[in-house]
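The values are calculated or read from the model by the stated rules, or taken from the named source; none is laboratory data. Not measured: the values here are computed from a predicted model. Here the Cβ positions follow ideal geometry from the backbone for every residue, glycine too, while neighbour counts run over all protein chains shown. Note: areas computed on protein heavy atoms with side chains; ligands, DNA, RNA excluded. Shrake-Rupley method; radii C 1.70, N 1.55, O 1.52, S 1.80 Å.
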Amino acid sequence: MALEMRERCERCETAALPPDGPARICSYECTFCEACAAALGQVCPNCGGELVPRPRRTPAAGGAGNTGMSRAAGRPAPSR
């Protein structure tokens, strides 16, 4: 199962997150920029899971937006 490489931070929604750039994710693929992840203490506000570095995807490995997958099922709703 491939990761959904989201393009925006779920907290600030302004930080662009290119597939080959740094970002943090939890096990449900909630995605945050480095600054927001640090402000959250590396803990996902949606599920309470640990935020870890998101693997980087290079254009040769599928390109931006080409995951072949739809949004993951069973993911907790974002808390705003």
Residues that are farther than 14 Å from Glu4 by Cα, surrounded by 14 or more Cβ atoms within 10 Å (Cβ to Cβ) and not polar (S, T, N, Q), drawn from region 22-47 = Cys33, Glu34, Cys36, Ala37, Leu40, Cys44, Pro45, Cys47
message = I need a count of the residues in region 1-21 that are outside any loop (DSSP other than H, G, I, E, B) and surrounded by fewer than 14 Cβ atoms within 10 Å (Cβ to Cβ).
response = 1
task = Identify, by number, the condition in (1) on the phi > 0 side of the Ramachandran plot; (2) at pLDDT below 90; (3) not charged (D, E, K, R) that Ala64 doesn't meet.
result = (1)
ask   = Quick one: what pairs do we get from region 20-36, first residue at pLDDT below 90, second open to solvent by 70 Å² or more (accessible area, probe 1.4 Å) and basic (Lys, Arg), C-beta under 7 Å, 6+ apart or different chains?
value = Asp20/Arg56
